[in-house]
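Below is one structure, written out as structure tokens; comments come after it.
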Amino acid sequence: MTDLALDKPVPPNAAGPNRTAPTARRGMVRPSPTALGVGLLLAVAFGLLPLVGSEYLFDAILTPFLALALAGLGLNILTGYAGQVSLGSAAFMAVGAYAAFNLSLRLPELPFVVDILLAGLVAAAVGLVFGLPSLRLRGFYLAVSTLAAQFFVQWVFNKVGWFSNNSPSGIVTVPPLSVAGLALDGSVGRYLFGLSVVSVVTLVVWRLVDSPTGRALAALRDHETAARVIGLPVLRLKLLAFAVSSFIIGVAGVLWAFAYLRTVEPAGFNLDRSFQILFIVIIGGLASLRGAFLGAALIVVFPLALARLGETLLGGLFDSGVLEMSQRIVLGLLIIAFLIAEPAGLSALLDRLWHRIAGRLTALCSRLCPRSGSNRSV
Amino acid sequence: MTATPSEAPHLQPSATQPQAAPSALAVDGLSLSFGGVTALNGVSFTVAVGEIRAVIGPNGAGKSSLLNAVSGLYRPDSGRVWLGGHSFAAVPTDRLAALGVSRTFQNLALFKGLSVLDNVAAGLTHRLRAGVLAQVIGLPTARRERADAYDRAEALLAFLHLEDARDRPVGTLPYGVQKRVELARALVARPRLLLLDEPMAGMTLTEKQELTGCIRVARDDLGATIVLIEHDIGVVMGLSDRIAVLDYGRLIGDGTPEAIRNNQAVIDAYLGVAHDLEAGEGI
Ligand SMILES: Nc1ncnc2c1ncn2[C@@H]1O[C@H](COP(=O)(O)OP(=O)(O)O)[C@@H](O)[C@H]1O
Ligand SMILES: [Mg+2]
């Protein structure tokens with residue numbers, strides 16, 4: 001204990017393999033299971049699926065899944081990492097979608113990629129404004145104040161015809177998707193476009209949550225007073241979380257409108273959608289990137305599976321009314337079950353499953369070849 | 001508050017500091033009440049640079065309130081706090097780290113979801129110069145800064161024997177270990193002034209002895225001035241240079257351990273009771 005090396009300057013390479021972030025560190029020796037898994041997933045998603053997938057798979061499952069997963073990712077930054085509750089996610093999706101629509105309508109010379117970035121920035125700016133109450137409010141009160149964003153934004157898009165180019169029905173059809181002269185308006189094209197956007201944003205988010213700023217957001221979530229005492233810029237961090245989160249959710253709104261629905265209307269971004277995104281984050285797992293994807297997968301696949309199941313079991317009795325009711329009931333039960341039994345969500349569930357399998361495998365391995373166990377530890 | 005005309009609300013040069021010797025911390029006539037409860041009642045004392053200064057007193061005496069006022073978490077009704085040559089009516093908590101002050105809390109105040117290493121490294125985040133974008137892109141300056149912060153955090157883990165817990169989420173660790181993590185987080189920024197609110201509460205005798213050594217090293221080798229709230233009179237007498245005694249928000253004694261031991265008011269109010277308590281407490 002008296003041997004204290006703190007006073008000596010730390011030599012540049014002193015800590016050896018420990019110089020990077022803990023999560024990255026584990027992957028230094030050999031590709032980690034996570035890296036391998038992600039690589040495999042990307043290969044399948046980009047290379048294999050477009051060759052074998054059906055139109056139904058892309059249009060009804062994968063493309064909406066990507067948009068919702070992205071929205072979940074955005075909300076997770078705010079709620080999972082920074083600990084600020086929001087019930088206004090759909091409002092920021094709407095801002096992104098309407099911004100992209102108006103940009104492509106009114107400034108057609110801008111490339112669509114620029115439209116997306118600008119739409120994200122507009123959503124971030126709106127998010128910043130509605131994030132201001134977070135500087136004073138917390139928890140339940142903050143949640144209620146984000147509801148204001150939800151209702152106000154929806155009201156504006158309903159009320160002000162300019163946003164939907166004065167379409168009498170309020171529903172506007174977006175121009176077909178095309179990037180750099182490449183038409184992407186088919187099912188596969190729109191899916192690949194969504195996949196590319198989601199991949200890039202996920203990479204950036206991963207870098208963010210793994211950075212000191214990401215750690216500072218988590219610090220703020222876990223103990224705001226302690227965060228202030230150690231000199232973290234609490235107010236700035238909160239606004240940053242709102243801005244980044246709204247940016248991503250805005251981009252998710254662009255995907256929802258341009259890649260999935262190909263129309264925009266205010267009703268598509270109502271409170272139900274906000275709750276849907278919140279459920280994605282809760283079911284998937286707070287503060288987990290994977291969680292947003294797992295949660296979105298469940299939310300998208302579950303109603304379809306339920307419909308199939310209902311049809312098979314009940315036949316004609318299972319009409320759309322019954323379907324919707326049973327969806328709500330089962331989803332509600334599912335969320336309660338998760339909140340009670342597994343607050344860390346599907347992500348944690350999967351982790352535990354993986355550990356059990358990995359444990360079995362290593363046990364099996366060491367029984368088959370006793371030597372191999374010894375050089376596992378680095 | 002009887003402010004002289006020249007007094008700025010927050011800042012004042014140290015020239016007019018109440019006493020001659022430069023002090024790391026001085027509180028002057030600090031009063032604070034919550035509704036009908038008087039937590040601090042005109043408390044004045046100084047902490048000299050390089051001193052280990054204990055603050056003792058029965059539960060509810062106002063010790064934690066004092067540290068909270070010094071760290072700006074409570075705003076005193078009257079009185080001033082002198083820190084690093086500045087005088088404050090209310091200490092700006094956001095600037096505490098920049099002023100070279102760090103603290104621990106009586107009830108743990110850790111970042112539960114983060115690993116031990118991340119918790120400790122967070123104590124250096126306020127020094128990082130790279131912006132978010134530089135961090136996300138991974139510019140060399142950002143990477144170097146971060147690596148340096150983590151190296152320092154690792155050194156602190158070694159100092160406080162926390163290497164084994166390094167990657168554990170801090171919420172899963174035993175209480176005594178969490179206490180040490182909090183001390184590491186406070187120490188990692190090499191504070192000029194370290195405020196410790198019952199750092200040994202709930203520790204075993206061995207752990208207390210270890211931590212006593214750590215606090216001494218923090219002062220001797222790291223150059224921190226230390227304000228220590230502690231109930232264990234044995235630890236306090238052995239470790240501190242001077243002791244301030246609070247009772248019902250008042251300063252009822254202030255001096256060397258020897259002087260405090262023989263101070264009748266202190267014995268009446270506190271020490272006698274504390275010794276009885278300790279005898280019954282065991283470990
Ligand atoms: N935030 C607060 N709100 C109301 N009363 C408080 C608060 N903080 C402290 N007090 C009261 O002030 C008195 C001193 O408390 P404290 O400073 O915690 O004492 P100590 O740390 O010496 O045990 C107690 O009576 C306590 O109830
Ligand atoms: Mg106390």
Pull up segment B:77-88, narrow it to residues that are open to solvent by 10 Å² or more (accessible area, probe 1.4 Å) and out of contact with any Gly (no Cβ under 8 Å at 6 or more places or on another chain), then point me to the one that is nearest to B:Leu194 (Cα to Cα).
B:Trp82
Can you tell me which residue within segment B:75-108, out of those that are within 10 Å of chain A (Cβ to nearest Cβ), in contact with a strand residue (DSSP E or B) (Cβ under 7 Å, 6 or more places away or on another chain) and within 16 Å of ligand 2 (Cβ to nearest atom), is nearest to B:Ala39 (Cα to Cα)?
B:Phe105
Hey, any hits in segment A:288-310 for a residue that's in contact (Cβ under 8 Å) with a residue 40 or more places away in the chain, outside any helix (DSSP H, G or I) and outside the structural domain of A:Ala143 (by TED's automatic domain parsing)?
yes
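Mind telling me which of the residues A:Leu195, A:Leu184 ends up being in the same structural domain as A:Gly83 (by TED's automatic domain parsing), in contact with a strand residue (DSSP E or B) (Cβ under 7 Å, 6 or more places away or on another chain), within 21 Å of A:Val113 (Cα to Cα) and not basic (Lys, Arg)?
Unique residue meeting the criteria: A:Leu184.
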Would you confirm, using the coordinates I've provided, whether B:Phe111 is aromatic (Phe, Trp, Tyr), surrounded by 18 or more Cβ atoms within 10 Å (Cβ to Cβ) and within 13 Å of chain A (Cβ to nearest Cβ)?
yes
Scan segment A:264-272 and give yes if some residue there is within 17 Å of A:Ile77 (Cα to Cα) and outside any helix (DSSP H, G or I), otherwise no.
no
Take the residues of segment A:186-210 that are of a type outside the set (A, V, I, L, M, F, W, C) and in contact (Cβ under 8 Å) with a residue 12 or more places away in the chain: which is nearest to A:Ala43 (Cα to Cα)?
A:Ser199
Is segment B:112-134 home to any residue that is within 16 Å of ligand 1 (Cβ to nearest atom) and small (Gly, Ala, Ser)?
no
Please work out if B:Val43 is within 15 Å of ligand 1 (Cβ to nearest atom), closer than 17 Å to B:Leu228 by Cβ, part of a strand (DSSP E or B) and in the same structural domain as B:Arg216 (by TED's automatic domain parsing).
yes
Whether any residue in segment A:187-208 is over 22 Å from A:Ala257 (Cβ atoms), at pLDDT 95 or above and buried (at least 19 other Cβ atoms within 10 Å of the Cβ) is what I want to check.
yes
Quickly run through segment B:223-264 and pick out the residues that are assigned to a loop (DSSP other than H, G, I, E, B), more than 16 Å from ligand 1 (Cβ to nearest atom) and open to solvent by less than 20 Å² (accessible area, probe 1.4 Å).
B:Ala224, B:Ser240
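Tally the residues that are in a loop (DSSP other than H, G, I, E, B) and either away from ligand 1 (no atom under 16 Å from the Cβ) or among the charged types (D, E, K, R) (or both), restricting the search to segment B:172-202.
Adding up the residues that qualify gives 8.
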Give me the helices (runs of 4 or more DSSP H) completely within segment A:31-96, filtered to those with at least 3 residues that are in contact (Cβ under 8 Å) with a residue 24 or more places away in the chain, ordered by residue number.
A:63-75
Could you tell me how many of the residues in segment B:100-121 are more than 11 Å from the chain's Cα centre (by Cα) and under 21 Å from B:Ala201 (Cβ atoms)?
9
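This table checks each residue for (1) in contact with a Gly (Cβ under 9 Å, 6 or more places away or on another chain); (2) outside the structural domain of A:Leu105 (by TED's automatic domain parsing); (3) in contact (Cβ under 8 Å) with a residue 12 or more places away in the chain; (4) within 16 Å of A:Phe92 (Cβ to Cβ).
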position	(1), (2), (3), (4)
A:Arg215	no, no, no, no
A:Leu235	no, no, yes, no
A:Ala243	yes, no, yes, yes
A:Leu255	yes, no, yes, yes
A:Tyr260	yes, no, yes, no
Subset of segment B:40-74, residues away from chain A (no Cβ under 14 Å), more than 16 Å from ligand 2 (Cβ to nearest atom) and without any contact (Cβ under 8 Å) to a residue 60 or more places away in the chain, comes to B:Thr46
Of all residues in segment B:152-177, which are open to solvent by 10 Å² or more (accessible area, probe 1.4 Å) and within 12 Å of chain A (Cβ to nearest Cβ)?
B:Arg152, B:Glu154, B:Ala155, B:Ala158, B:His161, B:Glu163, B:Arg166, B:Asp167, B:Arg168, B:Pro169, B:Gly171
Test of understanding: among B:Ala149, B:Ala142, B:Ala186, which residue is on the phi < 0 side of the Ramachandran plot, more than 7 Å from every other protein chain (Cβ to nearest Cβ), free of Cβ contacts under 8 Å to residues at least 24 places away in the same chain and surrounded by 18 or more Cβ atoms within 10 Å (Cβ to Cβ)?
B:Ala142
Yes/no for A:Thr263 being at pLDDT below 95, open to solvent by 10 Å² or more (accessible area, probe 1.4 Å) and in contact with a strand residue (DSSP E or B) (Cβ under 7 Å, 6 or more places away or on another chain)
yes
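Select from segment A:240-275 the residues that are over 20 Å from A:Ile171 (Cα atoms), away from chain B (no Cβ under 12 Å) and not small (Gly, Ala, Ser) and list them in ascending order. Explain how you work it out, then say what you get.
Step one: filter segment A:240-275 for residues over 20 Å from A:Ile171 (Cα atoms), giving A:240-249, A:275.
Keeping just the survivors that are away from chain B (no Cβ under 12 Å) gives A:242, A:245-249, A:275.
Listed by number, the residues that qualify are A:Phe242, A:Phe247, A:Ile248, A:Ile249, A:Phe275.
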Are any of the residues in segment A:26-35 modelled with pLDDT of 95 or more and either of a type in the set (A, V, I, L, M) or surrounded by fewer than 24 Cβ atoms within 10 Å (Cβ to Cβ) (or both)?
no
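The values are calculated or read from the model by the stated rules, or taken from the named source; none is laboratory data. From a predicted model like this one, the values you see are computed outputs, not experimental measurements. With ideal geometry, Cβ positions are generated from the backbone for all residues, glycine too; neighbour counts draw on all protein chains shown. Side chains included, ligands, DNA and RNA excluded: accessible areas come from the protein's heavy atoms. Shrake-Rupley method; radii C 1.70, N 1.55, O 1.52, S 1.80 Å.
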